[in-house]
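Read the structure below first, then the notes.
The values are calculated or read from the model by the stated rules, or taken from the named source; none is laboratory data. On a predicted model such as this, the values are computed, not experimentally measured, just so you know. Here the Cβ is made from the backbone with ideal geometry for all residues, glycine too, and neighbour counts use every protein chain on show.
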Amino acid sequence: MSEAALLRAEGLHRSFQMGRGALTVLRECSLSVAAGEFVAIMGKSGCGKSTLLHVLGALDVPQRGQVWFERTPTFSTAQPRPQRSQFDDSFSGVERRMVELRRRAFGFVFQFYHLLPELNVLENVLLARMVGCSLFAWPGARAAANRDTHEILDRVGLAGRLSHRPAELSGGERQRVAIARALVHRPRVLFADEPTGNLDAETGSSILALLRGLHRDGQTIVMVTHDSGVAACADRVCELRDGAIASARV
Amino acid sequence: MYRLFLTLRYLRKRQIAFFAIAAIMLCTAMVLIVMSVMGGFLDTVKQRARGLLGDIIVDNKRFGGFPLYDEFIAEISKWPEIAKATPIIYTFGLLRFPSTGATHPVSVVGVRLDEVRNVSAFGAGLYYDRMYPGTTTLADQQQPLLGRSAASGIDLPEPYRSAGAAAHRAGVQDDDATPNIVNRLLHERGHPGIPGFYAANETPDGIGPPALAGVPSPGIIIGRDIVARRQPDGRYTRWYPRGEEVALTIVPTSLSGSIDTPKKLAFRYADDSRTGIFEIDSKHSYVDFENLQGLLLWDAAERADGSGRSPGRCSQIQIKIKPGVDADALCTRLTAAYRELPNRIGVALTTTEWGLVQDIEAVTWEQSQVHVIGPVENERNLVTMLFGIISIVAIVLVMCILYMIALQKTRDIGIVKSIGGSSVGVASIFLCYGAAVGVVGGAMGAGFGYIFVRHINDFQTILTDAFGWRVWDRSVYSFDDIPSTVRPEDLARIFLVAILASTFGAVAAAWRAGTMHPVEALRHE
């Protein structure tokens with residue numbers, strides 16, 4: 001593993017309780033991502049790609065193994081690792097570091113966009129800035145947040161759709177909003193989970209072009225896909241097989 | 001910041017929350033209305049029960065009364081805390097209305113009218129005394145009869161005519177009595193009415209001049225609900241003419257409470273008294289203290305065994321105290337002072353008389369009326385508690401609605417967590433949501449309840465006019481209007497409880513949202 005890795009995972013083990021048995025999806029899985037790299041993780045459906053992305057992105061905690069971001073563990077190994085409930089983690093400190101990373105360093109794009117239907121385009125993106133801001137700090141931070149939100153929405157081509165609700169947008173536009181939301185707080189790593197999986201070929205291509213553009217500007221991207229054509233956009237493609245990275249090609 | 005933002009957005013956009021707000025609003029309004037009406041009822045009962053009494057009551061709860069009241073009153077009148085004191089006698093009697101043949105069992109109260117006016121608000125409840133100031137007396141009097149007059153066609157004899165005219169000039173309105181035929185006729189002719197009910201001076205030649213008729217007899221003030229019928233509009237129709245004779249039969253009692261031969265005496269109906277409490281107004285009649293004392297054989301007299309003179313007795317002393325005086329502490333002092341009075345003034349009492357004095361206790365008027373106020377207080381607390389329990393339904397409704405919203409918003413929970421929302425933060429969105437429902441519902445309920453309570457009698461009038469349905473029947477209740485008192489502290493308390501209850505109703509939803517794994521939430525179908 002490179003010492004210069006921005007994100008490094010080692011020995012990840014993650015299984016899920018399915019009825020009486022356990023389904024292991026990650027087995028001693030290791031991966032490192034360098035700053036500015038565009039990594040695609042490929043594999044069959046159900047092989048654990050999304051789970052790996054969630055663990056790397058501090059949305060989930062493995063039973064074994066560790067993830068380092070900028071050489072710092074993303075979760076404490078000294079604490080018990082929760083599987084379902086994360087409510088108590090806020091007090092134990094396990095979640096605190098993960099929340100901070102999601103808030104400041106990581107951004108997520110999902111296959112199904114995951115926008116809040118009650119909010120319009122501007123508010124959906126702005127929400128990601130609000131999350132990191134207290135009620136009392138918001139008046140001071142609001143102007144900058146608004147400026148950044150408008151900028152990023154302009155970049156993804158949605159400057160004219162600010163007041164539209166998700167239901168009033170096409171699939172491609174929704175995904176652009178999701179990308180804008182993931183980028184508005186200038187994350188170090190953008191995690192994309194099948195970003196074109198729910199889009200037609202043409203719209204998917206435009207989203208990939210957008211991601212490539214971001215990567216050219218220095219954005220680190222970790223993308224999960226089952227489509228080799230989509231994976232071809234990345235600098236490096238890692239194949240996940242039997243719960244571990246089986247091969248990597250550049 | 002996102003918590004407040006999402007809370008307000010969900011509040012506006014989730015229409016199902018309006019049902020939770022409506023539930024909180026209705027419960028808040030319901031509890032406020034109940035507390036205000038019951039509180040108002042209690043205040044009115046207190047105020048009217050107070051009207052009969054002084055600030056402090058000295059009593060020994062014995063049927064034979066107690067002696068040395070005048071000596072005691074003379075002594076305590078020098079105390080700086082005491083404004084005025086007067087003795088009272090209570091006994092039982094039968095009141096017979098000879099002209100109608102009706103007989104009524106009554107509690108007979110012996111009062112010194114001039115003194116009792118200064119000790120309690122008794123004087124304010126006298127009807128004829130308000131319409132004809134200065135004409136109400138418990139001394140011997142004749143019956144005033146209406147007669148022909150050159151000025152208005154019909155009038156009263158002096159001093160009733162002048163007193164009535166003066167009150168009319170002073171703007172005193174007869175808002176208590178249902179107008180009778182005489183008054184309707186006078187009004188038609190453009191003359192002021194003759195408040196009350198008077199007999200006419202009927203002669204063989206027709207109606208004679210205004211006159212005072214009959215042999216002079218002592219006056220009696222009769223409870224209004226004995227001599228008048230209360231109408232649904234709250235006014236009274238008097239069925240017995242002023243000044244007409246009534247016969248009062250009482251049973252004298254000895255020092256030890258043993259019964260003597262009943263005595264009967266004729267009185268003239270001088271006025272009627274209204275405290276506002278039906279139990280009192282339908283059972284009490286008031287006569288002159290000294291007169292009743294003599295009838296009961298409670299006045300000073302030579303003892304049968306020749307051991308000296310037995311002092312006169314009374315049942316009670318009512319005391320008006322000066323503002324700012326600690327009534328409880330004064331009661332203790334008064335009790336001790338009375339028990340030591342015989343020794344202090346050197347009066348020789350028999351063993352029985354001594355026992356009567358030693359049983360004396362001074363209590364505040366609230367303590368003496370606990371049998372009237374206590375049940376109403378208990379009723380108020382009970383009804384408020386019952387409606388509070390009913391309001392739990394609203395909490396459960398809020399719980400269901402917010403939990404349903406949390407279920408519907410499972411994916412949103414995952415989204416918010418994926419962009420950096422903490423478990424506590426996401427949980428607090430729902431707690432804030434519950435609190436916001438409480439604030440909005442509570443505020444609306446408080447406003448609605450306040451307006452309803454303020455106009456509760458107007459609403460009743462509308463109901464009565466539209467459907468003929470009167471909730472508060474004035475012929476049943478002794479209060480003219482539905483009493484209500486909105487206390488700011490009650491309003492604040494109810495509003496706060498509404499917010500707390502609604503927030504409590506959001507706990508389950510908050511728990512679900514907080515403990516939800518972000519990945520599971522994002523994958524929720």
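Starting from the stretch B:446-467, take each residue that is touching a residue at least 24 places away in the same chain (Cβ under 8 Å) and list its partners that are of a type in the set (A, V, I, L, M) and part of a loop (DSSP other than H, G, I, E, B), counting only C-beta distances under 7 angstrom and pairs at least six apart or across chains.
B:Tyr450/B:Val486; B:Val453/B:Val486; B:Ile456/B:Ile482; B:Asn457/B:Ile482
Please indicate, with yes or no, whether at least one residue in the stretch B:244-251 is closer than 19 Å to B:Ala85 by Cα, among the aliphatic types (A, V, I, L, M) and in contact (Cβ under 8 Å) with a residue 12 or more places away in the chain.
Just the residues of the stretch B:244-251 that are closer than 19 Å to B:Ala85 by Cα, to begin with: none.
Scanning the stretch B:244-251 turns up no residue that is closer than 19 Å to B:Ala85 by Cα, among the aliphatic types (A, V, I, L, M) and in contact (Cβ under 8 Å) with a residue 12 or more places away in the chain.
Could you tell me how many of the residues in the stretch B:176-192 are out of contact with any Gly (no Cβ under 9 Å at 6 or more places or on another chain) and assigned to a loop (DSSP other than H, G, I, E, B)?
Going residue by residue through the stretch B:176-192, those that are out of contact with any Gly (no Cβ under 9 Å at 6 or more places or on another chain) are B:178, B:181, B:188, B:190.
Remaining after also requiring assigned to a loop (DSSP other than H, G, I, E, B): B:178, B:190.
Adding up the residues that qualify gives 2.
Wholly within the stretch B:1-98, which helices (runs of 4 or more DSSP H) include no fewer than the required count, namely at least 3 residues that are within 14 Å of chain A (Cβ to nearest Cβ)? Let's see the steps before the verdict.
Numbers: elements: B:2-13, B:16-51, B:69-76.
Correct list: B:2-13.
Results for (1) within 14 Å of chain B (Cβ to nearest Cβ); (2) under 24 Å from A:Ala34 (Cα atoms); (3) modelled with pLDDT of 85 or more, shown as yes or no for each residue.
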site: A:Asp154; (1), (2), (3): no, no, yes
site: A:Ile179; (1), (2), (3): yes, yes, yes
site: A:Val184; (1), (2), (3): yes, yes, yes
site: A:Gly213; (1), (2), (3): no, yes, yes
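Check off (1) at pLDDT 90 or above; (2) within 23 Å of A:Cys47 (Cβ to Cβ); (3) not hydrophobic (A, V, I, L, M, F, W, C) for A:Glu194 and give me the number that stays unchecked.
All conditions pass for A:Glu194, except number (1).
Restricting the search to the stretch A:46-73, which residues are surrounded by fewer than 20 Cβ atoms within 10 Å (Cβ to Cβ) and either within 16 Å of the chain's Cα centre (by Cα) or at the interface with chain B (Cβ under 10 Å from one of its Cβ atoms) (or both)?
A:Trp68
Within the bounds of the stretch B:395-402, is there any residue that is in a helix (DSSP H, G or I) and without any contact (Cβ under 8 Å) to a residue 60 or more places away in the chain? Break it down stepwise before answering.
Our first condition is that a residue be in a helix (DSSP H, G or I); within the stretch B:395-402, this holds for B:395-402.
From what is left, the residues that are without any contact (Cβ under 8 Å) to a residue 60 or more places away in the chain are B:400.
The answer is yes; a qualifying residue exists.
Residue check: is B:Arg309 assigned by TED's automatic domain parsing to the domain that holds B:Val116, at pLDDT 90 or above and over 25 Å from the mean Cα position of the chain (by Cα)? If you could, list the steps in order and put the result at the bottom.
Working: assigned by TED's automatic domain parsing to the domain that holds B:Val116: yes; at pLDDT 90 or above: no; over 25 Å from the mean Cα position of the chain (by Cα): yes.
No.
Within the stretch B:486-525, can you find the residues that are acidic (Asp, Glu) and more than 30 Å from A:Gly48 (Cβ to Cβ)? Full working, then the answer.
Pass one, the stretch B:486-525, residues acidic (Asp, Glu): B:489-490, B:520, B:525.
Passing the criteria: B:Glu489, B:Asp490.
What number of residues within the stretch A:119-139 are basic (Lys, Arg) and more than 16 Å from A:Leu153 (Cβ to Cβ)?
At the first step, the residues of the stretch A:119-139 found to be basic (Lys, Arg) are A:129.
From what's left, more than 16 Å from A:Leu153 (Cβ to Cβ): none.
Count: 0.
Give me the residue from the stretch B:396-428 that is surrounded by 23 or more Cβ atoms within 10 Å (Cβ to Cβ) and within 49 Å of the chain's Cα centre (by Cα) and, out of that set, farthest from the other protein chains (Cβ to nearest Cβ).
Step one: list which residues in the stretch B:396-428 are surrounded by 23 or more Cβ atoms within 10 Å (Cβ to Cβ), which gives B:398, B:401-402, B:406, B:409, B:412-423, B:426-427.
Next cut, within 49 Å of the chain's Cα centre (by Cα) only: B:398, B:401-402.
On the way: B:Val398: 20, B:Ile401: 16, B:Leu402: 16 Å.
Ranking the qualifying residues of the stretch B:396-428, first place goes to B:Val398.
Return the total of residues in the stretch B:340-361 being assigned to a helix (DSSP H, G or I) and within 33 Å of the chain's Cα centre (by Cα). Walk me through how you get there before you give the answer.
Filtering the stretch B:340-361 down to residues assigned to a helix (DSSP H, G or I) leaves B:340-345, B:351-358.
If we keep only those that are within 33 Å of the chain's Cα centre (by Cα) too, we end up with B:356-358.
Adding up the residues that qualify gives 3.
Can you name every residue in the stretch B:76-97 that is under 23 Å from the mean Cα position of the chain (by Cα) and surrounded by fewer than 18 Cβ atoms within 10 Å (Cβ to Cβ)?
B:Tyr90
Of the residues in the stretch A:111-137, how many are more than 7 Å from chain B (Cβ to nearest Cβ) and either part of a helix (DSSP H, G or I) or buried (at least 24 other Cβ atoms within 10 Å of the Cβ) (or both)? Give the derivation first.
Step one: filter the stretch A:111-137 for residues more than 7 Å from chain B (Cβ to nearest Cβ), giving A:111-113, A:115, A:117, A:120-126, A:129, A:136-137.
Retained after the next criterion (residues that are either part of a helix (DSSP H, G or I) or buried (at least 24 other Cβ atoms within 10 Å of the Cβ) (or both)): A:115, A:121-126, A:129.
Final tally of qualifying residues: 8.
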